[in-house]
Amino acid sequence: MKILIVEDEPKTGDYLRQGLREAGFSVDLATTGPDGLHLALHTPPDLIILDVMLPGMDGWQVLRSVRAAGHTMPVLFLTARDEVHDRVKGLEMGADDYLVKPFSFAELLARVRTILRRGRSGTEPTSLQVADLELDLLRRRVSRAGKRIDLTAKEFGLLELLMRRQGEVLPRSLIASQVWDMNFDSDTNVIEVAMRRLRAKVDEGFEPRLIQTVRGMGYVLETPQAT
Ligand code: CA
């Protein structure tokens, strides 16, 4: 499987290329928008990892040109943390997923595998659903049993992560790196507090309880098995 990385930060690009090669992928790296587009069109990869801010041509233009040329390979966008609107734009424009910088390599690899497993573009849902809990990625709305639930941006990010990784126990470190940032102080109980608030909103007054604490491991969102 071939992956094209379009990323202008040399450190990030080299790091991703090396990691993906070690994971068994064949990898091309372009450091400008036009170079990325050229490679995407002339040696089409199975997946493109596309940074948004690029010299010459930004990630949106690259994606638009790739799609206009009829290519449907999945695209994983890399966005900065304050580019929330860009994520929506990306999904609307036919990106398959996005990853917020900074991210861990393990997280990137997991996304890459999920996207490749899911197959060709056009299948990315714009909403996530677990039992009667629904999260609308485009409108940034959450409801349970048809009742609207108001969440803060952090709570929304937390819930989105839990729902995307439904059934997986997510360690605090992964939650911190995905929803907070690299400089997150792991000695604080910020995650516990946010999780408690999220559970109060999502699970209280509803059956069954979807968010579970796995002691010493982390958190998981799943529909409990009927007994
Ligand atoms: Ca960049």
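The values are calculated or read from the model by the stated rules, or taken from the named source; none is laboratory data. All values reported here derive from a predicted model rather than from experimental measurement. When we count neighbours, we look across all protein chains shown, and the Cβ atoms used for this are built from the backbone with ideal geometry, even at glycine. Surface accessibility is based on the protein's heavy atoms, side chains included, excluding ligands, DNA and RNA. Shrake-Rupley method; radii C 1.70, N 1.55, O 1.52, S 1.80 Å.
Values computed for the structure shown
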read-out: Sequence ranges 61-70, 147-156, ranked by mean other-Cβ count within 10 angstrom, highest first; value: 61-70, 147-156
read-out: Extension gain from ALA68 to ALA23, taking 0.36 nm per residue of separation minus the Cα-Cα distance; value: 13.1 nm
read-out: Contour minus Cα-Cα distance for LEU138 and ASP150 (0.36 nm per residue); value: 2.8 nm
read-out: Helix 59-68 axis, angle to the chain major axis (alpha carbon atoms, nearest 10°); value: 70 degrees
read-out: Rounded accessible area per residue of the chain, 1.4 Å, Å²; value: 50 Å²
read-out: Exceeding the 22 Å Cα-Cα cut-off - candidates LYS101/LYS201; LYS11/LYS101; LYS11/LYS154; value: LYS101/LYS201; LYS11/LYS154
read-out: Dimensionless Rg over Rh [the chain; C-alpha; Kirkwood]; value: 0.99
read-out: Whole-percent carbon and sulfur share, accessible surface of the chain, 1.4 Å; value: 50 percent
read-out: Degrees, to the nearest 10: 33-42 long Cα axis against longest axis of the chain; value: 80 degrees
read-out: Net lengthening on full extension, LEU109/GLN166 (0.36 nm per residue, minus Cα-Cα); value: 18.8 nm
read-out: Calculated FRET efficiency for the pair ARG215/THR126, C-beta based, R₀ 45 Å, to 0.05; value: 0.85
